[in-house]
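Data first, discussion second: the structure below is written as C-alpha cells.
The values are calculated or read from the model by the stated rules, or taken from the named source; none is laboratory data. Given the structure is predicted, the values throughout are model-derived calculations rather than measurements. Counting neighbours? That spans all protein chains shown, and the Cβs are built from the backbone with ideal geometry, glycine included. Surface accessibility is based on the protein's heavy atoms, side chains included, excluding ligands, DNA and RNA. Shrake-Rupley method; radii C 1.70, N 1.55, O 1.52, S 1.80 Å.
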Amino acid sequence: MPLLDGTFGIGDLARLTGVPVRTIRFYCDEGLIDSVRSTGGHRRFDHAAVEQLGLVRRLRAFGLGLPSIRHVLVGERSVAEVVAAERAALDVRLADLAWRRASLRAVEEAGPADRAARLELLAAVENGGAARDVLIGFWRRTMVAPVTEAMLSAFVTMAVPEPPVDPTPPQVVAFAELFALAGDRTLTRGLLAMARANAELVADEDELMTGISQACALAEPVVRAGAPPRAGPELDRFVAVHASLRGDSDTPRFRSRLLAHVAADRVPGMRRYWRLVAEAGGDPVSVGVSHLWLTDSLERSVTQPGGPG
C-alpha cells in the first residue's frame with residue numbers, strides 16, 4: 001500500500017503492474033526505473049514509476065533492448081524512432097534468414113553429383129547484400145574512364161540486381177555464381193582492356209553510356225518479343241553513338257573495328273553474367289541482355305552484310 005507521501009513499496013508496484021519483483025529490481029539496477037530509499041533502506045516508488053514500468057514492459061514485448069528503452073526514458077529518442085530502428089534491424093535479420101533458407105533448399109535440391117560443388121559455391125556468399133557489394137566493387141574496378149557518380153549509380157542499378165527479400169533457391173545460386181564471376185581475373189582483364197581503349201578513343205564516357213542505354217531501350221521490346229539478332233534502327237542507333245563519340249561515321253569498316261572493340265562484352269563469361277543477372281533479378285530481358293543482342297546484331301551485320309533484315 002502507498003504511504004502518506006504517495007510512494008509504493010516494490011511489492012505494491014509488482015502487484016499494480018504485474019511485473020515480478022526480481023524484474024523490477026533488475027530494471028532499477030539498470031537505471032530504467034527511478035526509486036528512492038526509505039529510512040530503512042528499502043526501495044520506494046512514486047506514480048511516475050508505474051508509468052515508466054508500463055512503458056518498459058510494452059517496449060520489451062516488442063523485443064527492444066534495454067539501451068534503446070533507456071534512450072526513450074531519458075528523452076534522447078522517441079518511441080517512434082526506436083521502434084523504427086528495431087523494425088529495420090528485424091528486416092535485416094529476416095532477409096538473412098530468408099537467404100539462408102533458400103541456400104539450404106538449393107543445397108538440398110541439388111543432385112548427389114552436384115551437391116558438394118553447390119555447397120562450396122553458396123558457402124562463399126554470406127548473403128545477398130554482401131554479394132551485391134562485391135559486384136558493385138567489380139564494376140567500379142573495371143571503369144577506367146571518369147564518369148559522374150550519377151552515371152555510375154545508374155549503371156550499377158542496371159548491372160547489379162537487388163537481392164530479393166524472399167529469394168528462391170535459383171536466385172541465391174545465381175547471386176553466388178555472379179559473386180564467383182566477379183573474381184574471374186581473365187574476365188576482369190578483358191573488361192579493363194576495353195575500358196582503357198574507350199578512355200583513349202572516347203572523350204565523354206557519360207555520353208557514351210547514355211547513348212548505349214538509349215539503344216538498349218530501343219532493342220528491349222524486340223528482344224522481349226524473341227526476335228533474333230538483326231539489322232535495324234536499334235543497331236543503327238548503337239553504332240551511331242559509338243561512331244559519333246569517336247569522330248567517325250557508320251561504315252562497314254567502322255562496324256568491323258567496333259565489333260573487335262566490344263569483343264570483351266561478348267565473351268562467354270559476360271554472356272553468363274547477364275544471364276545470371278536476369279535469373280537473379282527475375283527479369284529475362286535485362287539491359288545487359290539487350291546489349292548482347294545489339295553486339296550480336298553488329299556481328300551479323302559485319303559477317304552477313306547482305307543477309308535479310
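If you fit an axis through the alpha-carbon atoms of helix 149-159 and take the longest principal axis of the Cα set of the chain, what angle between them do you get, 0 to 90°, nearest 10?
80 degrees
Leaving out ligands and nucleic acids, and using a 1.4 Å probe, what accessible area per residue does region 262-309 come to in Å²?
Result: 42 Å² per residue.
With a 1.4 Å probe and every protein chain left in place, tell me how much accessible area E162 has, in Å² to the nearest 10.
Accessible area, nearest 10 Å²: 120 Å².
I want to verify a result. In a Gaussian network model of the chain, Cα cutoff 10 Å, which of these has the top mean-square fluctuation: G41, G54, G31?
Sorting by GNM fluctuation, first place goes to G41.
Let me cross-check Y27: its accessible surface, 1.4 Å probe, with only protein heavy atoms counted, in Å² to the nearest 10?
20 Å²
Given S38, H242, P268, which one lies farthest toward the positive end of the charge dipole of the chain, if we put +1 on the Cβ of every Lys and Arg and -1 on the Cβ of every Asp and Glu?
Checking the options against the dipole of the chain, the answer is S38.
Considering Cα pairs under 8 angstrom that are at least six residues apart, work out the relative contact order of the chain and quote it in whole percent.
Computed over the chain, the figure is 15 percent.
Could the peptides 282-293, 96-107 be put in order, highest first, of the mean number of other beta-carbon atoms found within 10 Å of their residues?
Descending mean neighbour count gives 282-293, 96-107.
Rounded to the nearest 20 debye, what is the charge dipole size of region 126-180 about its Cα centre when +1 sits on each Lys and Arg Cβ and -1 on each Asp and Glu Cβ?
Dipole about the Cα centre, nearest 20: 220 debye.
What angle, in degrees between 0 and 90 and rounded to the nearest 10, separates the Cα long axis of helix 169-181 from the longest principal axis of the Cα atoms of the chain?
It works out to around 60 degrees.
May I ask you to rank E108, E30 by accessible area, largest first, using a 1.4 Å probe over the protein chains only?
Working: E108 130, E30 70 Å².
Result, largest first: E108, E30.
If DNA, RNA and ligands are ignored and the probe is 1.4 Å, what is the ranking of L245, L135 by accessible area, most exposed first?
L245, L135
Using +1 at the C-beta of Lys and Arg and -1 at the C-beta of Asp and Glu, which of A48, P20, G111 has the Cα lying farthest in the positive direction of the dipole of region 1-134?
Farthest towards the positive pole: P20.
Under a 10 Å cutoff between Cα atoms, tell me which one of T251, T295, T23 has the largest fluctuation in the Gaussian network model of the chain.
Comparing T251, T295, T23 in a Gaussian network model of the chain, the most mobile one is T23.
Given only helices, namely DSSP H runs of n ≥ 4 each adding -39500 (n - 2.57), what is the per-residue ellipticity at 222 nm of the chain, to the nearest 500 deg cm²/dmol?
-22000 deg cm²/dmol
In percent, how large is the relative contact order of region 147-306, given Cα pairs closer than 8 Å and 6 or more residues apart? Before the final figure, lay out each step's value.
Working: 143 pairs, mean separation 59.0, N = 160.
For region 147-306, the relative contact order is 37 percent.
Using a 1.4 Å probe on the protein chains only, how many percent of the accessible area of the chain belongs to carbon and sulfur? Working shown, then result.
Details: 9560 of 16650 Å².
Carbon-and-sulfur percentage of accessible area, whole number: 57.
Where nothing but the Cβ of Lys and Arg (+1) and of Asp and Glu (-1) is charged, how large is the charge dipole of the chain around its Cα centre, in debye to the nearest 20?
With only Lys, Arg, Asp and Glu charged at Cβ, the dipole is about 680 debye.
How far apart, in nm, are the 7 Å Cα→Cβ label points at A117 and A80?
Each label point lies 7 Å from its Cα, and together they span 5.4 nm.
Between E30 and T303, what length comes free when the chain is fully extended (0.36 nm per residue of separation minus the Cα-Cα distance, one decimal in nm)?
90.5 nm
Once each part is reduced to its C-alpha centroid, what is the distance from region 1-68 to region 223-301 in angstrom?
70 Å
Taking the Cα centre of region 90-229 as the origin, how large is its charge dipole in debye, to the nearest 20, when only Lys and Arg (+1) and Asp and Glu (-1) carry charge on their Cβ atoms?
My answer is approximately 400 debye.
Compute the long axis of helix 268-281 from its Cα atoms, compare it with the longest principal axis of the Cα atoms of the chain, and write down the angle in degrees, 0 to 90, nearest 10.
Helix 268-281 and the main axis of the chain meet at about 40 degrees.
Suppose accessible area is computed on protein heavy atoms with a 1.4 Å probe; arrange H42, H261 from highest to lowest.
The ordering from most to least exposed comes out as H42, H261.
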